[in-house]
Amino acid sequence: MSGLSAALRLAMFGKNVLVLEKHYVVGGLNSFYARKGRKFDVGLHAVTNFPSPSSGKTSPLLRACRQLRIPFESLNLYEQSRSRISFEDKHIRFNNEFSFFLNEIYENFPKEKDRFRNFLQKMEDFDAYSINVPDLSTRSILKEAFAEPLLGEMLLCPTSYYGSAQENDIDFATFTMLFDAIFKQGLARPSHGIRAILDPLVQKLDEMGVKRLMNNAVKKIKTYNGQATEIVMDNEDTYTADHIISTCGLVETEELLTKKKTPPKENKKGNCSVIETISVFKGKPTDFGWDETVIFYNDDQEFRYEKPKESMDSTSGVICIPENYQDPHNQKVDESRLRITNPANFDKWDSLEEPAYIAEKARCETVMLQKALEYLPKGQIQKKDFSDATLLKDTFTPRTIKKYTNHANGALYGSPVKSRSGSSQIKNLYLAGTDQGYIGIVGAMLGGIAVANNRILRSA
């Protein structure tokens, strides 16, 4: 997503651009695939930063659309119905009205009302988008901000799942950006999935004559005298360029360099990966009693966001019901999708032989669904009837993430080390995407735009 956005921005200003893609489809972590006649999004749970142009509010999403000359209305975004953060018997609900979320905080934590207002002001005063932003521990800040630790733990949960590359913490800049994106602005989803965003980007690139080479990975980047001089592909084809933008990750990019100023370090590699299962059921979500869009859950009072000891950890996770985004056209829904995401251990999955791998996926699917049902209301169809209602199941693991994105350890959000400026150890090689530090679909688009604007166009 960041690469396509950067390419389009450069092409708009007459630059000769070539897009190189390892996969046979575009999108990276926000791609798509098909199973049994159905299309599935890979990374898309929600598009954040929702406000429409008519709201009168500024939004990173609107800025991205303007920069790429994509009409906001063409995305056909549906707003969330209502979502929830659940820790044992404590629940905080939210939708796209920030006042609703505030009332939930005040009702559930009445003694924290003044402290929460002070915390909001602290985030307002913090320049999260600065290139030189300090690396601050959000968990430490939350502990100081609130007398009731549970409130801080509940705020960490959605922001971690939607953007943290660190175990058991998140840098305060990323937290602030995600808090604004999720709670102050809101969640939405394109009516036709991620392709509603990808297709306009690809169409514009094609119209401008930008060549895309698919299904062929970069093998190495040759360097000389601190400059990138040549790109070598898996099929041994070579390309030269004045400027190179890499979106494959910090560590992954450094490993491609033939001459490195500093070799990639193990502590640069992220450990936070996930397993996700997607189940398709016959019937509307209301048939099952499901009326919420996204549920973040945690079995304990303390939130742990870390690489589990076993293949996966079902005690904490995310449940997403895509059909519960509000459809303004009231289109008939006859199927429901349930997406369940849990922390996972890359090493455990990577070590399995194929028969054991398939068996472990099947076991995890069952465990994940059983746990999710504990946080979902009971409807007309009870647990014992789900097998009859199930039309399709599919699951991806950390090994799948590694296979299609080459992210070390299958790390969903890449390295805990970020380069906000997009700079690397090589003068004409820049980073965009997850390891630039701007999170999610909107962050990826703006990150790619920023690198194109600030590192290449302004230096021309």
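Since every read-out is calculated from the coordinates, none of them should be taken as a lab result. The structure presented is a predicted model; accordingly, all values stated were derived computationally and were not measured. Virtual Cβ from ideal backbone geometry, glycine too; neighbours counted across all protein chains shown.
Computed from the C-beta positions of residue 114 and residue 301, the FRET efficiency with R₀ = 22 Å rounds to 0.45. Bridgeable aspartates and glutamates around residue 220 (alpha carbons under 17 Å apart, same-chain partners fewer than 8 residues away excluded): 21, 230, 234, 236, 237, 242, 252, 254, 255. Summarised as an ellipsoid, the range 271-404 has semi-axes of 27, 17, 14 Å, derived from the eigenvalues of the Cα gyration tensor scaled by 5 and square-rooted, with the largest first. The Kirkwood hydrodynamic radius of the range 277-354, based on inverse pair distances between different Cα atoms, is 14.6 Å. Measuring max minus min along each principal axis, the C-alpha atoms of the chain give extents of 63, 52, 45 Å (largest first).
Less than 17 Å apart at the alpha-carbon level, and either on another chain or at least 8 residues along: which lysines does that give for residue 111? Those lysines meeting the cut-off are 90, 143. Which lysines have a Cα lying under 16 Å from the Cα of residue 211, excluding residues fewer than 8 positions away in the same chain? Within the straight-line limit of under 16 Å, residue 211 reaches these lysines: 15, 22. When the alpha carbon coordinates of the range 81-185 are projected onto the principal axes, the ranges are 37, 30, 25 Å, largest first.
Can you give me the C-alpha center-to-center distance between the range 285-330 and the range 165-206, rounded to a whole angstrom? Spelled out, the Cα-based centre of one part sits 17 Å from the other. For the pair the range 1-75 and the range 210-279, the centres of their Cα atoms are 21 angstrom apart.
With a threshold of 32 Å on the Cα-Cα distance, the over-threshold entries among 184/309; 219/348; 204/307 are 184/309; 204/307.
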